[in-house]
Amino acid sequence: MQIILGITGGVAAYKSAELARLLANQGHRVRCILTEAGARFITPLTLTSLTGEPCYGANPDQGEWRANPSIEHIELARWADLVAVVPATANILGKAANGLASDLLSTVLLATRAPVLWAPAMNTGMWEHPAVQANLVRLRSFGHAVVDPGEGVLACGEEGSGKLAEVAAIAEAIQVHGTPKLMSLSGRRVLITAGPTREDLDPVRTLTNRSTGTMGIELARAFRDVGAQVQLVLGGELPAPWGVETIRVRSAQQMLEASEACWVGADGLVAAAAVADQRPESSASQKMKKVEGAESLVLVRTPDILARLCAARRPDQWVLGFAAESEKHLEHASEKLKKKGLDAVLVNDVQGGRAFGAQANTLTPITAQGPHPPLGPLAKDQLARAVVQWWAGHLAGRPA
Ligand code: CTP
């Protein structure tokens with residue numbers, strides 16, 4: 001994405017440097033525009049060094065500033081896939097809400113047709129003032145997104161709301177707001193199971209597997225970004241993705257119960273969880289003591305969540321499953337597709353430990369029509385986006 005990052009005058013301006021770096025590291029091109037007040041808190045040199053792109057401002061005579069020919073605001077407005085203002089002062093919110101264009105940033109905001117996102121930061125009294133709140137209502141009515149500030153001790157010493165939202169949350173909101181929505185998925189409710197499950201032997205020992213849950217979490221992000229309403233039923237330790245309703249579970253039974261509750265209202269299911277197939281027959285309430293000689297453990301099957309949800313599916317609900325195969329990938333996956341009655345199965349080659357925690361990965365989709373061209377090898381975030389694009393295209397071509 002090509003992002004214009006507008007930085008206005010507030011102490012939180014130093015955090016925009018961290019945001020610029022994070023966005024650049026995620027592969028986005030970031031060009032910063034500093035207002036005159038913003039330039040009192042952070043320098044253009046910092047921003048050009050972090051982004052590798054020019055920094056723009058109102059005053060071309062100062063050090064690193066790029067020249068500011070009269071049509072620059074139009075060029076920048078067209079260049080942007082998204083304009084984010086971080087931190088946004090009461091002043092810039094007031095200007096933009098009322099169509100005022102008195103410097104480079106406010107003119108770009110007026111000229112651009114790209115999505116706009118605001119991350120305000122200011123004193124609590126200013127934030128709560130009806131004029132600021134009315135301006136935010138107006139900006140939202142233009143389709144702009146607002147990442148509300150959090151609460152905390154502010155630079156002015158007051159405690160209350162007005163603290164800039166977390167940088168990571170702003171970066172996620174930029175991703176959501178800047179991603180074009182897909183017709184076949186926008187507004188649709190998608191249930192995703194992700195992560196490993198854990199089956200306890202006693203209070204200190206557990207049976208689990210090597211899945212981290214990364215792929216399922218990236219799928220949740222990718223479906224969220226194209227406009228789906230995602231419910232994520234998540235096992236494991238990884239943090240929940242921003243903006244996704246997440247239900248945390250531990251065992252296969254808990255994952256089944258949470259998933260069944262969501263499935264009734266869902267349009268589709270993506271079963272990305274690595275569910276433990278067995279659990280100990282019994283779980284001890286006290287730590288089990290070791291004994292001399294060989295010990296044995298009796299295992300029983302856990303519920304097959306995907307099969308149970310498929311059995312309860314309505315004709316309008318779609319289902320994507322995953323298959324981790326170490327040999328005869330397409331053959332085994334095609335059997336799974338038929339046996340469980342899935343719309344598609346995404347096959348993962350796990351030979352030699354591939355896929356678990358690996359950086360780059362490949363998935364081969366299989367439908368009733370047979371295997372489709374493989375997606376990848378790609379990093380898991382990109383692979384998740386490729387899966388969503390592929391599936392949205394498939395849905396769009398499917399008769400209603
Ligand atoms: N799955 C599930 N509940 C289980 C087991 C698996 O929902 N108890 C889902 C997984 O999320 C995945 C698919 O089923 O989408 C994998 O199917 P499965 O037949 O379990 O695959 P493998 O574990 O690869 O199968 P096998 O043991 O036959 O190799």
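Go over the candidates Leu109, Leu136 one by one and state the one that is touching a helix residue (DSSP H, G or I) at 6+ places or on another chain (Cβ under 8 Å), buried (at least 18 other Cβ atoms within 10 Å of the Cβ) and either closer than 21 Å to Leu34 by Cβ or not assigned by TED's automatic domain parsing to the domain that holds Ala84 (or both).
Leu109
Taking the condition of being out of contact with any helix residue (DSSP H, G or I) (no Cβ under 9 Å at 6 or more places or on another chain) and within 12 Å of the ligand (Cβ to nearest atom), how many residues in region 233-257 meet it?
Result for region 233-257: 2.
Filtering region 71-113 down to residues that are part of a loop (DSSP other than H, G, I, E, B) and of a type outside the set (Gly, Ala, Ser), which residue is nearest to His177 (Cα to Cα)?
Asp81
From the set of residues in region 285-335 that are near the ligand (Cβ under 9 Å from one of its atoms) and assigned to a loop (DSSP other than H, G, I, E, B), which is surrounded by the most Cβ atoms within 10 Å (Cβ to Cβ)?
Taking the candidates together, the pick is Thr302.
Mind checking which strands (runs of 3 or more DSSP E) fall wholly inside region 170-284 and carry at least 3 residues that are crowded, with 23+ Cβ neighbours inside 10 Å and at pLDDT 95 or above?
Once the strands (runs of 3 or more DSSP E) in region 170-284 are filtered for at least 3 residues that are crowded, with 23+ Cβ neighbours inside 10 Å and at pLDDT 95 or above, what remains is 189-194, 229-234, 268-271.
The values are calculated or read from the model by the stated rules, or taken from the named source; none is laboratory data. Here the structure is a predicted model, which means the values were calculated and not measured. Ideal geometry is used to build each Cβ from the backbone, glycine not excepted, and the neighbour counts take in all protein chains shown.
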